[in-house]
Amino acid sequence: MNIRKAIAIFLFVSMLLTLVACSSEKQVITFKGKSENWQSTLQFSPRDSGRGMLKKYTIKYIGNNPDKDKNMSYQFMNNDEKSSSGTEIVSGNNETKTQVTCSNCSIESIQNDKWELIIQWDNQTENVKMPIQK
């Protein structure tokens, strides 16, 4: 009877450890920031294929002139290195959304990253610090 109990406990602990290990793989990591005129969200989630991550970001204008279209360029900086950049026209709902694949990303490395968004528009520049959201 003691052997059965020991085997049952061993199986339970093994299953629990397996579930914990798998749950970290499906974890979504979110970074958010806000400045005077802009707010941004950067989100990493595992790809269905299990290789790399999906990187989704939203940049939204929250300034005083929401009706005017804004030609803006942006750079997402990861630990002082450029990660993504582009040029967009922000109009309508005052936001832009993009999704890209990050083949070299891992949950472990992303959790320790420091993200910043640099936006230029109408001869202005703003830096948006984007701490990790817990």
| task | Set the Förster radius R0 to 35 Å, insert the Cβ-Cβ distance between residue 54 and residue 125 as r into 1/(1 + (r/R0)^6), and round the FRET efficiency to 0.05. | result | 0.80
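Taking a threshold of 20 Å on the Cα-Cα distance, which of the pairs 32/55; 34/56; 60/97; 70/114; 97/134; 68/114 fall above it? Walk me through the intermediate numbers first.
Working: 32/55 13 Å; 34/56 17 Å; 60/97 9 Å; 70/114 27 Å; 97/134 22 Å; 68/114 32 Å.
Listed pairs above 20 Å: 70/114; 97/134; 68/114.
Bear in mind that the values in this text are calculations on the coordinates, not laboratory data. Remember, it's a predicted structure, so these values are computed and weren't measured experimentally. No Cβ is skipped: glycine too gets one built from the backbone with ideal geometry, and neighbour counts run over all protein chains shown.
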